[in-house]
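A.B. asks: The structure that follows is given in the form of structure tokens.
Taken together, the values in this text are just the output of simple stated rules run on the coordinates, not laboratory data. Quantities reported herein were computed from a predicted structural model and do not represent experimental measurements. Heads up, the Cβs are rebuilt from the backbone with ideal geometry, glycines too, and the neighbour counts pull from every protein chain shown.
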Amino acid sequence: MTLVQLRHLTSLAQTGSFRRSAEALFLTQPALSRSIQALEEELGQRLFDRIGWRSELTPFGREVLARAKRLITEAEHLKESAARLQTGQAGRLRVGLGSGPGAILTAPVLRHMATHHPAAQVEFARGHTALLEQALRERRLDALVVDIRSVPPSADLLVQPLAELRGAFLCRAGHPLLTPAEAETETADGGAAVTFDSLRRYPMASSPLSDEIGRLLLERYGPQAHLDDCITLRCEDIGTLVQVVASSDALLLAVRAAAPELVELPVTPALDATARFGLVTLVGRSEPPLLEVLRGLIGELLRD
């Protein structure tokens, strides 16, 4: 039994004429007759009574017709849904976000999806990179957007670099470290700057940082910059840390673009650190069409 045969059935039931149905279906009458006969043989009962030149549905044929119409309608809906999925108009996308990408991407991506892809289902998961990797491997997530330096090389992971964003020490407007009295040296352009010793006088907040950032801090500022010692407030959600820093004298170490409402502290020597964000997927796994939409948005949003 095929959808083609069911469409032949509905056409013949509508016209009652093999000739008219064959013309409408662009078939020969013998071809249409063979199609209906094959369907009757498969179902084991007659679908039509031939009364002169007219074909009328049998009681069994009326029951089959009702079901055939539902199947044809479902098939048409399925085809329409497949087209929407292919173009990213619908479907489901589950993405794990690292702390930095989460702070930058979550609201604008969800807003874009709600506006331009209202039928799409988008789910963001936040957490430590190792936990997000596990969820990706278990097929509970379709992709990750994380600092790719925190992703150990693995044969089953495909890593696509997307953007490199500058890190900074950040504080609230009016913070004591921004006063001229706290400035201890000058920057290359003649501006005032503070040392890492000055930063250590205040609580410092951060989301989990890669080992590479930890090594860079030690090189720049010495043993006092060891992450276990200098970071006193830790949280996966940068948005929460931004709120804390905006209402206290705590400092935030993060990518600059993740907290545009905070003020960047000029520090000497300069931090000169970046986060390398990328898209992580499973090798050999088919991508949901909506992932291409996300790639385009990431290119627009992950910028300093």
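A.B. asks: Round to a whole angstrom and tell me the spacing of the C-alpha centers of the stretch 91-152 and the stretch 209-250.
C.D. replies: Their Cα centres are 23 Å away from one another.
A.B. asks: For the Cα atoms of the chain, what angle does the longest principal axis make with the long axis of helix 29-43, in degrees from 0 to 90, nearest 10?
C.D. replies: Once rounded, the angle reads 80 degrees.
A.B. asks: Under a 5 Å amide H to amide H cut-off, with H placed in plane at 1.01 Å, what residues pair with Leu265 once short-range neighbours are removed?
C.D. replies: Hits under the 5 Å cutoff: Phe169, Leu170, Cys171.
A.B. asks: Quick one: angle between helix 290-301 and the longest Cα principal axis of the chain, in degrees between 0 and 90, rounded to 10, please.
C.D. replies: Orientation of helix 290-301: about 30 degrees from the principal axis.
A.B. asks: State, to one decimal in nm, how far the label point of Phe60 lies from the label point of Ser286, with both points 7 Å from Cα in the Cβ direction.
C.D. replies: Here the answer is 3.8 nm between the modelled labels.
A.B. asks: Still on this structure, I have one more. Please find the FRET efficiency linking Thr10 to Cys235, where r is the Cβ-Cβ separation and R0 is fixed at 51 Å, and quote it to the nearest 0.05.
C.D. replies: Details: r = 61 Å, r/R0 = 1.19.
It comes out at approximately 0.25.
A.B. asks: Let me ask another. Please name which of Gly296, Leu233, Leu271 has its Cα lying farthest along the dipole of the stretch 213-304 towards the positive end, using unit charges on Cβ (Lys, Arg +1; Asp, Glu -1) and the Cα centre as origin.
C.D. replies: Gly296
A.B. asks: If you project the alpha carbons of the chain onto their three principal axes, what span does each projection cover, largest first, in Å?
C.D. replies: 107, 37, 29
A.B. asks: For the stretch 3-86, state what percent of all Cα-Cα pairs lands in each successive 10 Å bin, counting from 0 Å until the bin that includes the largest distance.
C.D. replies: 18, 48, 25, 8, 1
A.B. asks: Any idea what diffusion coefficient the stretch 1-159 gets from Stokes-Einstein, in µm²/s, Kirkwood Rh on alpha carbon pairs, 37 °C, 0.692 mPa s? Walk me through the numbers before you get to the answer.
C.D. replies: Values: Rh = 20.1 Å.
Answer from the Stokes-Einstein relation: 163 µm²/s.
A.B. asks: Now, a different point. May I ask you to derive the FRET efficiency for His128 and Arg70 from their Cβ-Cβ distance with R0 = 30 Å, giving the value to the nearest 0.05? Don't skip to the end; give the middle numbers.
C.D. replies: Working: r = 48 Å, r/R0 = 1.60.
Efficiency for this residue pair is about 0.05.
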